[in-house]
Amino acid sequence: MSLLNAAERFASIDRSQITLDPKRCLHAQDQHSDCAACFEICPVQAIVIGNPPSLDSEKCESCLACLPVCPVGAFHADDDVADLLTSATYIEDQTVELLCGLHPHPESGVGSESIGIQIHGCLAGLGTGALLALSALGIKRLTLRADSCSDCKWHSLHSQLHLQTEKATRFLSASEKDISITCVDEIETPVERPLWGAKNPPLSRRDLFRMMAKQGQVALARAMENGVTASKRQPGRDRLRLLSAVSHLPELASSASLNEFNFATLTISQACTACGTCGRACPTEALRFEKNDEAMTYRLTFSAQNCIGCNLCEHVCQADAITLNHVPTFEEVFGAKEAQVVESGSLVRCERCKSLMAARDGVKVCPLCEYRRAHPFGSMMPKKVLRESRS
């Protein structure tokens, strides 16, 4: 195959086509998960309910709305956010209108001084994190155009678009900056104004000079997207963009609302046996277990910023040692930049199986050996799972 043919073949690949990695889905990792974000939002019922769900690629129309709602990034596709953030770096003191790829009249807008930017897919595929990232890059007035939603085949996403706007507005309400994010359902008198494509914005000579003078902002825009599509265990793309935006909005006050963002904090009791199951199970590596066999010590570290409140750690904890708080304050989540040690201690060996366990006064055998001694033919299950199965 010639280089030209290879280039043409590569260019023909539709990287906006959505794929699902079922192994990353919460349902594949936790049989007690109640996450329904993706199949509740899909406007064409292309996501089939299951443990884990499956994606009907023939039905899928690549609206991209599932990308920001998945808490663990199980859905993959290219969106326009990276290009959108780059475009934002050379817009100054103008209202930015965001339009979906299906808008019938993208050439007109709310005012002649505004700039319209059209993306592919639905605006609901951007997510709250992308709206906050645009604000962090200096966009002071952002308008999401929902005036064509009623006649759109994806009209069920209209409420999601308003919800994302409201969440971003509430979050920014604690900022001292004059920032406005609105979602409009009707424009009384549309007027002509510039229209850009997110991937191909028109650049005048003046724009080029302006970009050269703002290379720091361009680098910042690119940095905000670094790691969003990585394959390791981490939160979904909307959470990663929100975290990046917060790190560049230092004027946010601690009164910023975290409602509906699924943050959580946790505490570990002395019942912890240092088995490490919670750290291995955590889908975002918010909770990490480390042990030092030579020093015979262990520690659990926790990052509230990466926690998505899925309760998986609680579900797998046999000792019932984990307590989650699903209504943390801004300070509890963002007060510390580094992961915090939530439990640590010394290790000893079980007298029966010789496995390592947390050193506790008067305890000589691990919980598994203790259970087997009392229940030779029973199966050991986490206490929370047993309580849920009996209720």
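Only residues that are touching a helix residue (DSSP H, G or I) at 6+ places or on another chain (Cβ under 8 Å) and within 22 Å of Ile322 (Cβ to Cβ): list them for the range 343-354, please.
Cys350, the sole residue that qualifies.
Conditions tested, residue by residue: (1) within 25 Å of Arg170 (Cα to Cα); (2) among the hydrophobic types (A, V, I, L, M, F, W, C).
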position: Arg239; (1), (2): yes, no
position: Leu242; (1), (2): yes, yes
position: Ala256; (1), (2): yes, yes
position: Leu266; (1), (2): yes, yes
position: Thr284; (1), (2): no, no
position: Phe289; (1), (2): no, yes
position: Ala295; (1), (2): no, yes
position: Ile322; (1), (2): no, yes
position: Glu331; (1), (2): yes, no
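Take Thr277 and tell me if it is hydroxyl-bearing (Ser, Thr, Tyr), touching a Cys at 6+ places or on another chain (Cβ under 8 Å) and free of Cβ contacts under 8 Å to residues at least 60 places away in the same chain.
When the stated conditions are applied, Thr277 passes them.
With the requirement that a residue be within 22 Å of the chain's Cα centre (by Cα), open to solvent by 10 Å² or more (accessible area, probe 1.4 Å) and at pLDDT 90 or above, what does the range 81-117 give you?
Residues satisfying the conditions are Ala82, Asp83, Cys100.
Quick test for you: out of Asp361, Asp320, pick the one residue that is over 28 Å from Cys70 (Cβ atoms) and surrounded by fewer than 15 Cβ atoms within 10 Å (Cβ to Cβ).
Within the list Asp361, Asp320, the selection yields Asp361.
Does any residue of the range 263-273 turn out to be surrounded by 16 or more Cβ atoms within 10 Å (Cβ to Cβ), over 28 Å from the mean Cα position of the chain (by Cα), of a type outside the set (Ser, Thr, Tyr) and more than 30 Å from Val69 (Cβ to Cβ)? Spell out the reasoning first.
Initially, the range 263-273 is screened for residues surrounded by 16 or more Cβ atoms within 10 Å (Cβ to Cβ), giving 263-266, 268, 272-273.
The next check asks that each one be over 28 Å from the mean Cα position of the chain (by Cα); those that pass are 272-273.
Then drop every residue that is not of a type outside the set (Ser, Thr, Tyr), which leaves 272.
This time we only want the ones that are more than 30 Å from Val69 (Cβ to Cβ), so: 272.
Scanning the range 263-273, I find at least one residue that is surrounded by 16 or more Cβ atoms within 10 Å (Cβ to Cβ), over 28 Å from the mean Cα position of the chain (by Cα), of a type outside the set (Ser, Thr, Tyr) and more than 30 Å from Val69 (Cβ to Cβ), so the answer is yes.
Might you let me know whether the range 307-328 holds any residue that is within 28 Å of Leu137 (Cα to Cα), at pLDDT below 95 and over 17 Å from the mean Cα position of the chain (by Cα)? Quick ask: steps written out before the conclusion?
At the first step, the residues of the range 307-328 found to be within 28 Å of Leu137 (Cα to Cα) are 307-308, 328.
If we keep only those that are at pLDDT below 95 too, we end up with 328.
From what's left, over 17 Å from the mean Cα position of the chain (by Cα): 328.
Within the range 307-328 (the criterion being within 28 Å of Leu137 (Cα to Cα), at pLDDT below 95 and over 17 Å from the mean Cα position of the chain (by Cα)), the answer is yes, since at least one residue qualifies.
Report yes if some residue within the range 181-194 is within 19 Å of the chain's Cα centre (by Cα) and modelled with pLDDT of 95 or more; otherwise report no.
Within the range 181-194, none of the residues are within 19 Å of the chain's Cα centre (by Cα) and modelled with pLDDT of 95 or more.
Of the residues that sit in the range 290-301 and are part of a strand (DSSP E or B) and touching a Ser or Thr at 6+ places or on another chain (Cβ under 8 Å), which one is surrounded by the most Cβ atoms within 10 Å (Cβ to Cβ)?
Within the range 290-301, the match that is surrounded by the most Cβ atoms within 10 Å (Cβ to Cβ) is Leu300.
The values are calculated or read from the model by the stated rules, or taken from the named source; none is laboratory data. No experiment lies behind these values; they were computed from the predicted model shown. Positions of Cβ are backbone-derived with ideal geometry, glycine not excepted, and every protein chain shown enters the neighbour counts. Accessible surface is based on the protein model in full, side chains and every heavy atom, while ligands, DNA and RNA are left aside. Shrake-Rupley method; radii C 1.70, N 1.55, O 1.52, S 1.80 Å.
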